[in-house]
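The values are calculated or read from the model by the stated rules, or taken from the named source; none is laboratory data. All figures in this text were calculated on a predicted structure; none of them were measured in a lab. All Cβ positions, glycine included, derive from the backbone under ideal geometry; neighbour counts span all protein chains shown. Protein only, heavy atoms only, side chains kept; ligands, DNA and RNA dropped before computing areas. Shrake-Rupley method; radii C 1.70, N 1.55, O 1.52, S 1.80 Å.
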Amino acid sequence: MEVVIVPDAAAGGELIAEAMAALLRRKPDALLGVATGSTPVPIYEALAAKVASGAVDASRARVCQLDEYVGLPSGHPESYRSVVLRQVVEPLGLSTGSFMGPDGTADDLLAACEAYDRSLAEAGGVDIQLLGIGTDGHIGFNEPCSSLASRTRIKTLTEQTRVDNARFFDGDIEQVPHHVITQGIGTILEARHLVLLATGEGKAEAVAQTVEGPVAAVVPASALQLHRHATVVVDEAAASKLKLAPYFRATYAAKPAWQGL
Ligand code: F6R
């Protein structure tokens, strides 16, 4: 995988937004797999700015969710559907018809999981999948010891993830759902390009294990090592435990600018 160390979150957001813009210039109806949480916000802001300035036309882009809470009422402001509508679909000027996600309110959740996996394939597959990383090494909501071959399914959040996400629910862990639907690791690995952004010191240990540790289900993000086009963008703080940081810096500095991510 390629590891790119950037000075800060804004620089990471700009770099990834430019990679998305380049994709949309080559493939205007690209399927953009988006993540939620705090980390990707600078990406969405930078991409929306490019659209507003006319640097890229995103009008034909399609967007798909990585995961969703189970049991939040439809329209709940912290459901990931609401978050993606607010942070991506509306700022890019897309219609809700160009956006798909798993249905966390379905009566038959198992069928909803299978249907979502199928709909990603039927849509031609994800062109670029953005990922954040949990402090426990999760991607999507594939918590430690998720099967590396897993498909979209229901998962139970760890206590750590519920504590981490309580900030989106007025700091009240009781409001954080216990269950989620998440694309499986096997599903995520089918995207054509995986781009993981990690910022802040709190992610440094998980990043080091992901990049320099063995591929292991206990660190789900380490599955990126199995992908032929995976990019890990980290700020200085998140890179602080990488032993190979000097090598990653030198490699990226020597890369021709036209190659992009
Ligand atoms: C959210 C998701 C999660 C987050 C991760 C990091 O769609 O898939 O894996 O990316 O929990 O969250 P933040 O960015 O809030 O630290």
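Details
- For the chain: accessible area per residue (Å², 1.4 Å): 43 Å²
- Partners for K255 among aspartates and glutamates (Cα-Cα distance below 17 Å; same-chain residues under 8 apart left out): E2, E18
- Mean projected area of the convex hull spanned by the Cα atoms of the chain, taken over all viewing directions: 12.7 nm².
- Antiparallel DSSP beta bridges within the chain, as percent of all bridges there, nearest 5: 30 percent
- Kyte-Doolittle mean at least 0.5 and Cα axial length at least 15 Å: DSSP H helices in the chain: 9-26, 41-53
- For C113, net neighbour charge (Lys/Arg +1, Asp/Glu -1) across residues whose Cβ lies under 12 Å away: -2
- Residues in the stretch 40-78 that a label on T156 would reach, taking backbone N under 19 Å of a point 7 Å out along Cα→Cβ: 68-72
- Unsatisfied cross-links (Cα-Cα over 29 Å) in the set K50/K155; K155/K203; K50/K241; K50/K243: K50/K155; K50/K241; K50/K243
- Taking 0.36 nm per residue of separation and subtracting the current Cα-Cα distance, fully stretching the chain between R228 and T135 would add 31.0 nm.
- Here the accessible area of the chain is 55 percent carbon and sulfur, with a 1.4 angstrom probe and all protein chains present.
- Rounded to the nearest 0.05, the FRET efficiency derived from the C-beta distance between A216 and R86 at R0 = 30 Å is 0.30.
- 222 nm mean residue ellipticity, helices alone, for the chain (DSSP H n ≥ 4; -39,500 (n - 2.57); rounded to 500): -9000 deg cm²/dmol
- In percent, rounded to a whole number, the relative contact order of the chain is 24, using alpha-carbon pairs under 8 Å and six or more apart.
- Given their separation in residues at 0.36 nm each and the Cα-Cα distance between them, D170 and S74 gain 32.7 nm when the chain is fully extended.
- Annotation for A111 and S38: the two label points, set 7 Å from Cα along the Cα-Cβ direction, are 4.0 nm apart.
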